[in-house]
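The values are calculated or read from the model by the stated rules, or taken from the named source; none is laboratory data. The shown structure was predicted, so the numbers you read here are calculated from the model rather than taken from an experiment. Glycine gets a Cβ as well: all are built from the backbone with ideal geometry, and neighbour counts include every protein chain shown. Each accessible area value is taken on the protein alone, full model and side chains, heavy atoms only, with ligands, DNA and RNA left out. Shrake-Rupley method; radii C 1.70, N 1.55, O 1.52, S 1.80 Å.
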Amino acid sequence: MQYWVKVVFTDNQELMVKDAVRHTISEDMEVLEIDTPREVTIIPVKQIKYVSCDATVFNKKSTT
């Protein structure tokens, strides 16, 4: 499944990734990694103001 991820940096610049397949923060909380079918983007967490993503990645399976 592909989804969008938006990163807003501390200087208010924005990065919009429209075809993300995964995004994670490293175990040491130092970097955000955004994977797409074509590339991997690594961003230092200290440069990030906030991150938002398409809510479909959090859809729950129906229990009925």
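Here are a few things to note about the model shown:
- Residues of the stretch 2-13 satisfying the condition of being open to solvent by less than 30 Å² (accessible area, probe 1.4 Å) and under 15 Å from residue 46 (Cα atoms): 7, 8
- In the stretch 14-33, the residues that are closer than 12 Å to residue 45 by Cβ form Cβ pairs under 9 Å with partners that are of a type in the set (Lys, Arg) and assigned to a strand (DSSP E or B), at six or more places apart or across chains, as follows: 33/22.
Conditions (1) charged (D, E, K, R); (2) open to solvent by less than 40 Å² (accessible area, probe 1.4 Å); (3) at pLDDT 95 or above, marked per residue:
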site	(1), (2), (3)
16	no, no, yes
22	yes, no, no
39	yes, no, yes
61	yes, no, no
